[in-house]
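Q: One structure, as structure tokens, below. Some questions next.
Read-outs: derived from the displayed coordinates by stated rules, not from any lab. All values derive from a computational prediction rather than experimental measurement. Here the Cβ positions follow ideal geometry from the backbone for every residue, glycine too, while neighbour counts run over all protein chains shown.
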Amino acid sequence: MRKSFSTILQYLFFISLGFFFVWLSIKDINEEQWVQIKDSIRRARHWIVIPVILMLLLSHYSRALRWKILMEPLGYKPSTFNTFATVMIGYLVNTAVPRLGEVVKCTLLSRYEKIRADKLIGTIVMERAVDVVCLFIVFLLAIIFQGHIIGDVVSNTFKKFFTDKSGQTSITKLFIVLSSAILFFTILYFTLKRFGHIDFIAKIKQVVKGILHGLSSIRFIKQKGLFLFHTVLIWTLYLLSTTAGIYALQETDHLGIGGGLTTLVMGSIGMIISPGGIGAYALVVAKLMALYGLDEDTIGAALGWLLWSVQTIIILIGGIIFFSLFSYYNKKRKKVESIQQHPE
């Protein structure tokens, strides 16, 4: 009973969080700006939606193939359809409740492919660890190639913080920050080691260990080259689809692949902040467009909601279709296997 109540509260929290970010993203938009947003979307190159959909679907399919590669060292070779289907269903569930989709897709695949769910959880941890590294790399690339946009903001923020009233670098501030960082990691290490038996601390410790274990487990992958290929392909398709989405709006088509790179970074952060990125994705993209000199309440909002809508529609429609076909496919598959094993 207590666990069920806790789960309900968790669901309500995530739903409320999503609505909160939706409100934040639209609260300052007046009637005239709504007209400008609608006009911008009306004049967009709508045909670009087709290649964007194809690229995103291909990225999801590539993720499914990469997941199969991770299962190979465990001795499992599930069907490509089941793997792809569970990936799409997992995305569908994640739009409502973050992380629940990972559990659902592992449960579904284990049921129909006779794979232990706990073994699959390990592959998911490895996947997420790799994605964290990839996002960090993409962020560094954005700093390198779009430093004049996001780099200046970061550097100016640090510059203001680390200088004194005379404009000179403050040794005192540098010392305080460095000492605080060392103290923080020392306390964190001591807390995780000393109070690991406490549930909350144990969960944090488990997450940290999971990421490190996931990265270290890569050495057991048999097809490392193919795994790397799919990883690069997934993030390349993310970048190209985002860039294509930016090109769809006439007001943002000049931003090119550099704008796609920064939008991918900020959009990924937005997807992490709220369930399925609802509200948060559009908000952070709109703020980013302001750095490019565009009106964040009109063009920024139009671009943010356009990109998020296309990604979400793919997941909703794709997830529902695969969820509908999943049971039918496996019943038919089981029937065929039964006939092959016991021919008349």
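Q: Counting C-alpha atoms alone, how compact is region 1-155: give Rg to one decimal and Dmax as a whole number, in angstrom.
A: 20.3, 60
Q: Starting from the exponent 0.38 and prefactor 2.2 Å, build the expected Rg for region 214-344 from its residue count and divide its actual Cα Rg by it. It would help to have the intermediate numbers written out before the result.
A: On the way: Rg = 20.6 Å, N = 131, 2.2 N^0.38 = 14.0 Å.
Rg over 2.2 N^0.38 Å, computed on Cα atoms: 1.47.
Q: Step through the residues of region 41-50 one at a time and calculate ³J(HN,Hα) from phi using the Karplus curve (6.51 cos²θ - 1.76 cosθ + 1.60, θ = phi - 60°), rounding each to whole Hz and writing x for Gly and Pro.
A: Along region 41-50, the couplings run 5, 5, 8, 5, 7, 5, 5, 5, 4, 4 Hz.
Q: From the Cα gyration tensor of region 13-65, with a ≥ b ≥ c the square roots of its eigenvalues, which class applies: rounded if a/c is under 1.5, or else prolate if a/b is larger than b/c, or else oblate?
A: Details: a/c = 6.36, a/b = 1.32, b/c = 4.82.
Oblate, because a/c is 1.5 or more while a/b does not exceed b/c.
Q: Averaging sequence separations of C-alpha pairs under 8 Å and six or more residues apart, then dividing by the length of region 70-132, give the relative contact order as a whole percent.
A: 29
Q: Considering only Ala96, Leu65, Thr80, whose Cα is most displaced toward the positive end of the charge dipole of region 38-102, charges sitting on Cβ of Lys, Arg (+1) and Asp, Glu (-1)?
A: Ala96
Q: Residue by residue, what Karplus-based ³J(HN,Hα) values in Hz, rounded to whole numbers, does region 72-86 have, using 6.51, -1.76 and 1.60 with θ = phi - 60° and x for Gly and Pro?
A: 4, x, 7, x, 10, 9, x, 5, 5, 4, 4, 5, 5, 4, 5
Q: Assuming a viscosity of 1.002 mPa s and a temperature of 20 °C, what translational diffusion coefficient in µm² per second does Stokes-Einstein assign to region 91-144, Rh being the Kirkwood radius over Cα pairs?
A: 170
Q: If you take the alpha carbon radius of gyration of region 237-282 and divide it by 2.2 N^0.38 Å, what ratio comes out, to two decimals?
A: For region 237-282, the normalised Cα radius of gyration is 1.13.
Q: Follow-up. With θ set to phi - 60° and the Karplus curve 6.51 cos²θ - 1.76 cosθ + 1.60, what are the ³J(HN,Hα) couplings of region 329-337 in order, to the nearest whole Hz, using x for Gly and Pro?
A: Values per residue, Gly and Pro as x: 4, 6, 5, 5, 5, 5, 5, 5, 5 Hz.
Q: Among Lys77/Lys334; Lys224/Lys332; Lys222/Lys334, which pairs are too far apart, with a Cα-Cα distance over 26 Å?
A: Flagged as over cut-off: Lys224/Lys332; Lys222/Lys334.
Q: Using a 7 Å offset from the Cα along the Cα-to-Cβ direction at both Phe184 and Asp28, what is the distance between the two label points in nm, to one decimal?
A: Distance between the two pseudo-spin positions: 2.7 nm.
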